[in-house]
Amino acid sequence: MNEVREVVIELLGQLGSSREARQYIDRFSQVEESRFAVVKVGGAVLRDSLEPLATALAFLHRLGLHPVVLHGAGPQLDEAMAERGMEMEKLSGLRVTTEDVMAVARPVIHRANLGLVEALERKGVKARSLVHGVFRASLADRERLGLVGRVEGVDPEGLQSTIGAGAMPVVACLGESPSGQAMNINADEAARELVLALGPYKVIFLTSTGGLLDPNGRVLSAITLEEDYDELMAQPWVHSGMRLKLEEIRNLLEELPSDASVSITSAENLTRELFTHTGAGTLVRRGERILEHPAVTPKLRRPLEVLLEASFQRTLRTGWLEGRRVRSLLMADSGRAAALVVEGTGGAGYLDKFAVTPEAQGEGLANALWQALNSRFPKLYWRSQVANPVTSWYFRRADTSFKRNGWVVFTRGIQGIEEVNRVVNDALERDSGWTELESGE
Ligand code: ARG
């Protein structure tokens with residue numbers, strides 16, 4: 001096992017850094033075996049990306065990580081029904097499942113399930129098909145919906161014994177009554193119930209789009225519910241499907257421990273999403289509070305110094321922090337992100353330090369901190385070295401920018417050319433507090 005791990009870590013190193021990968025492997029291995037992840041695979045992914053899906057899951061298996069895989073088969077069933085000239089009927093998002101529909105659905109779902117199990121086995125992964133015995137169900141509305149089941153409970157024994165045997169459970173969205181009547185379970189409901197029953201560390205939705213999309217069709221990298229939810233829900237471009245998804249994810253995360261997270265990604269990007277800080281897909285977390293402190297108290301000093309020195313890879317001069325005329329320290333609960341604002345010229349704030357650990361950047365904490373900073377300091381200026389990778393991020397957040405002697409000075413909310421000139425000069429003269437010299441000093 002250890003040898004395999006080493007090879008795998010090396011491989012992962014090619015995606016990001018192997019230190020990064022190791023950190024996630026350790027973290028995912030620390031939670032109880034059956035609580036690593038629930039992976040919900042859409043029917044379309046099963047149909048169109050079976051190979052990459054099996055490859056990504058096999059990879060997890062080799063690391064000793066056993067996700068519970070749940071899949072739908074919607075598109076497959078649509079096709080099978082169309083072939084037979086059957087009309088598809090939906091009522092408030094649920095597929096009306098007459099006896100005739102069920103007669104078509106069951107074999108289609110079984111086939112989809114076996115398709116994945118076999119693809120896994122071809123890769124040497126022990127996998128077990130669980131098409132019944134997981135969801136206890138009752139009829140939701142026999143008259144109108146037919147054999148659509150509402151989940152009454154989840155029996156985790158089958159899942160746990162599968163994982164205990166070192167195999168990967170592949171669960172279908174079928175449930176049954178106590179007497180064995182099979183029922184069709186909506187895939188989103190099945191996913192929710194499974195997650196609530198297992199309490200996984202990661203909830204993963206594999207989709208064809210590979211994440212939630214912004215208005216330009218690009219994948220949104222990270223969403224922090226605490227900071228972003230209300231704003232997102234108010235956006236006109238957030239269409240009803242995405243709205244539902246966000247609501248559903250919020251409801252899930254509210255029931256899970258605060259360090260749990262949801263990733264929406266594709267089969268092709270799953271490995272990168274799981275084992276790098278930046279990921280590949282959309283990561284949704286509850287987020288953490290960003291607290292404002294009017295001063296750097298002795299209790300805050302050490303955590304702040306540790307964060308700053310690690311982020312900038314430099315050493316602060318002793319006593320530098322104590323000498324600042326601090327207006328505000330904004331710091332995330334975990335101590336992984338902080339913004340230090342000191343007294344600037346003309347009543348504006350000078351953003352002296354802004355630091356977010358790489359891991360927290362992947363979680364979207366930099367944006368969250370920036371938003372907090374924005375609402376608290378309408379007039380702000382700061383500087384950054386031209387060569388610093390964060391500089392391009394700042395360009396998108398500033399009204400004005402001036403390049404001088406290896407520095408870029410940024411301003412936001414500062415009116416009038418004279419005032420802007422004044423703060424730019426002030427910024428360039430500041431002492432950054434590092435023991436090492438920088439350009440411009
Ligand atoms: N690898 C980490 C995780 O799975 C972070 C992923 C970050 N992903 C993102 N889309 N920003 O939890």
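Among (1) within 15 Å of the ligand (Cβ to nearest atom); (2) crowded, with 19+ Cβ neighbours inside 10 Å; (3) more than 12 Å from the chain's Cα centre (by Cα), where does I223 come up short?
Looking at each condition in turn, I223 falls short on (3).
Being within 15 Å of the chain's Cα centre (by Cα), closer than 20 Å to N388 by Cβ, of a type in the set (D, E) and surrounded by fewer than 20 Cβ atoms within 10 Å (Cβ to Cβ) narrows it down to one of E305, E359, so name that one.
Within the list E305, E359, the selection yields E359.
Which count do you get for residues in the stretch 244-284 that are near the ligand (Cβ under 8 Å from one of its atoms), charged (D, E, K, R) and at pLDDT below 95?
0
This table checks each residue for (1) within 28 Å of R62 (Cα to Cα); (2) not in a helix (DSSP H, G or I).
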{"residue": "I223", "(1), (2)": "no, yes"}
{"residue": "D228", "(1), (2)": "no, no"}
{"residue": "I249", "(1), (2)": "no, no"}
{"residue": "L283", "(1), (2)": "yes, yes"}
{"residue": "G287", "(1), (2)": "no, yes"}
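Name the residue, out of P169, P200, that is within 16 Å of the ligand (Cβ to nearest atom), surrounded by 19 or more Cβ atoms within 10 Å (Cβ to Cβ) and under 25 Å from the mean Cα position of the chain (by Cα).
P200
What pairs can you find where one residue is in the stretch 244-271 and over 30 Å from S18 (Cβ atoms), the other is more than 13 Å from the ligand (Cβ to nearest atom) and assigned to a strand (DSSP E or B), and their Cβ atoms are less than 6 Å apart, with a gap of 6+ or different chains?
none
Only one of E51, E20 is more than 25 Å from R192 (Cβ to Cβ), surrounded by fewer than 23 Cβ atoms within 10 Å (Cβ to Cβ), charged (D, E, K, R) and modelled with pLDDT of 95 or more; which?
Only one candidate passes the filter, namely E51.
Scan (1) closer than 15 Å to R272 by Cβ; (2) surrounded by fewer than 19 Cβ atoms within 10 Å (Cβ to Cβ); (3) in contact with a helix residue (DSSP H, G or I) (Cβ under 7 Å, 6 or more places away or on another chain) for the single condition Q14 breaks and write down its number.
That leaves (3) as the condition not met.
The values are calculated or read from the model by the stated rules, or taken from the named source; none is laboratory data. Computed from a prediction, not measured in an experiment: that's the story for all the values here. Here the Cβ is made from the backbone with ideal geometry for all residues, glycine too, and neighbour counts use every protein chain on show.
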